[in-house]
Each structure stands twice: as structure tokens, then as C-alpha cells.
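**Student:** So that we are looking at the same thing, I have put the structure below in C-alpha cells.
The values are calculated or read from the model by the stated rules, or taken from the named source; none is laboratory data. Please read all numbers here as calculations on a predicted model, not as lab measurements. Please note: Cβ atoms are built from the backbone with ideal geometry, for glycine as well, and neighbour counts cover all protein chains shown.
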Amino acid sequence: MSELKISDITLLNEQEKNRLITSEGLTYASEVRKLILNGCEATPDLFPNITRLELSCSPFQQLDLSQNTRLTQLELTDCNELDGISFGDQCPLRSLTIRWCENLSRLDIASLSELRVLELEECEQLSSIEFGEDSPVKNFTRRNMMSLPWLDLKLTPKLTGLSIIDEVVEKIEGFNLQHSKTLQSLCVSIEELDTELNFSCQSLLELSLSAYHAESLNLTECPKLSRLELVFSETIESLNLEIHNQLSDLIIEDYDALKSITLHPESKLRYIKIKNCDDLQEITHLQMMDDGEKDIRVSLD
């Protein structure tokens, strides 16, 4: 059992699990810091001092982490029996990733006062997250979360980064982010949306957007944008960026109907890349960007 003396241990099968659950194994369990369990019934409470837990194909319906008072990073993958997680009141978790856990319907993270990063992917039954008051989450990524409602940013007052990826949406009210005073980075990739997109966030610095069927895009309420990346659109014909005098990076790819772009006359733009925009006819104020600086780069494909 010498492998239990090191900081990393990987348990991959039933045989190793049985070796662990012995008096000799439990003697060294307190020394384990990183634990990886794949299809194994060993419970995390056997390892009271782990700081990182990666659990995949677990047979558990309930996961109790209340005894793991040093756990800072948790990753759950393909735990299809899982329908509940208990963190207790003293779990110092800072990063939580849950992928492909098809029966998990509710997630309560209200007690996680140290949580900074939350990532969710294809948990098709998950329809409710309890953030609690004054949630500490700073970065939230959701990928193909079909049942989860749109995030109310009032629940995450410290959020600086938000990613919404591969979502299939037919209709939304728009992206009104004005309740957030801290959000700086937003990544959105959505399908089937055939309406106008309105973004409103005074603190937003970076936006990456893919919305193939969106009718139009309004960014006038995001005055601090410094980086804008737009990919895939079959309908948007014009982009008005005239108020964005702090924009430094502009990337536009595969905008099939785009005909015109209007930039700020005194733009601080240093990098512009336009690719596969065959109908583009005019970029207003582009000629006014050259103020003698040598780091301005223009790529028009």
C-alpha cells in the first residue's frame, strides 16, 4: 500500500477498492490529497484530508462531502445515479465541475462560501441551483444545459466571467445584464434564436458571441467593450460600434449578410480580423485608426 503515502492516488477498479478498505489502507488514507475514483464504491469520507476529488461513473445516488473539510476542487463526470450532493457547512470548495450527470435535478451550493468557479455541462435534468445570499462565484460556465433557467445575475453579485455555450434557445427577453456591476467577460453560443439581441452591461470588457439566427445585435449599453469576437450569423447586416471608443480587438468571422461596420472615429482599435464576410462593403472610420502607432494590425480575408 506504499502508493497511499504519496499525494496522488488513482483507484480504477474493484480490486484496488478492496485493497484500500483494509486496516492497513485506512492507516494511510489521511495522507491522500488528490483522489480519483472511476466506477468505484469507496466513499470520500474515508479520505478526510483530500483537497481534490475526481469522481466518474459513481454508483452513488447521494454524495456526502460533509466530512471532507479540506476539499477545494471537485469534478463529477458521468455519475448517472447521482441525484443529490451534501457539502456540509465547512466545505472550503473553490471549484466545482459537473458533467453528464443525467439524474441530478437540483444543486444547492448556498453553503459554499469559498466557491469561485462553477462549470456545468449536459446535466439534462438539472433545473434548479440554490446560490444563497451574496454568492462568491466569479466564473460560471454552462454548456448545453437544457432544463436550467437563465441566470438571474442578482444572485451572483461577484460574477466577473459568464459562459453560455451550445444552448438551444427559441426565444429570450434579451441579455439585460445591468444588475451586474462586476461582469467583465461574457461568452455566448446559442442556437435557434431568431430575435434581436440586446446586451446591457456597463462593466463588460470582453464579449464572444455566436448566434446564427439572431436578427440584430445591440451593444450600445456596453460602452467599455475592449474585445469583441463575433462568429456565425446569417442575418445581421450591420454593426454599429460608434460609441465604443475603448475597443482594441475586433474579430468577425462567417457573418454571411454583413454589409457595413461603423467604428468610433477616435477608436483605440489595434487589431481587426474579418474573415468570410463576403457581402461586407464598408467599414466606416477604419481609415482614421492609423494614428502613427506601429502595433495596429488589420486582417481582411
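**Student:** Out of L20, L53, L26, L46, I need the residue that is at pLDDT 90 or above, in the same structural domain as I85 (by TED's automatic domain parsing) and among the aliphatic types (A, V, I, L, M). Which one?
**Tutor:** None of the other options fit; the residue is L53.
**Student:** Follow-up. Is it true that some residue in segment 155-163 is in contact with a Cys (Cβ under 8 Å, 6 or more places away or on another chain), surrounded by 20 or more Cβ atoms within 10 Å (Cβ to Cβ) and either in a loop (DSSP other than H, G, I, E, B) or at pLDDT 95 or above (or both)?
**Tutor:** The answer is no; no qualifying residue exists.
**Student:** Quick check on my filter: what residues within segment 112-136 are hydroxyl-bearing (S, T, Y), assigned to a loop (DSSP other than H, G, I, E, B) and surrounded by fewer than 16 Cβ atoms within 10 Å (Cβ to Cβ)?
**Tutor:** Correct list: S113, S127.
**Student:** Say we look at segment 216-265 and pick out the residues that are hydroxyl-bearing (S, T, Y) and either modelled with pLDDT under 90 or surrounded by 15 or more Cβ atoms within 10 Å (Cβ to Cβ) (or both); which of these is nearest to F199 (Cα to Cα)?
**Tutor:** Top of the filtered list is T220.
**Student:** Something else: With the condition kept exactly as written, say whether any residue in segment 198-206 is in a strand (DSSP E or B), at pLDDT 90 or above and closer than 27 Å to D166 by Cβ. So that I can check it myself, show each step before the final result.
**Tutor:** Filtering segment 198-206 for residues in a strand (DSSP E or B) gives 198-200, 206.
Subsequent filtering for residues that are at pLDDT 90 or above retains 206.
Narrowing the set further to residues that are closer than 27 Å to D166 by Cβ leaves 206.
Scanning segment 198-206, I find at least one residue that is in a strand (DSSP E or B), at pLDDT 90 or above and closer than 27 Å to D166 by Cβ, so the answer is yes.
**Student:** Could you grab me the full set of residues in segment 165-197 that are touching a Leu at 6+ places or on another chain (Cβ under 8 Å), of a type outside the set (G, A, S) and modelled with pLDDT of 85 or more?
**Tutor:** The answer is T182, L183, Q184, L186, C187, V188.
**Student:** May I ask you to say which residue of R52, R33, R99, R106 is under 18 Å from N139 (Cα atoms) and of a type in the set (K, R)?
**Tutor:** R99
**Student:** Among the residues of segment 31-45, which ones are farther than 20 Å from E102 by Cβ, crowded, with 17+ Cβ neighbours inside 10 Å and not β-branched (V, I, T)?
**Tutor:** Selection gives L35, A42, P44.
**Student:** While we're here: Looking at (1) within 18 Å of S163 (Cβ to Cβ); (2) in a strand (DSSP E or B), can you tell me which one L250 breaks?
**Tutor:** (1)
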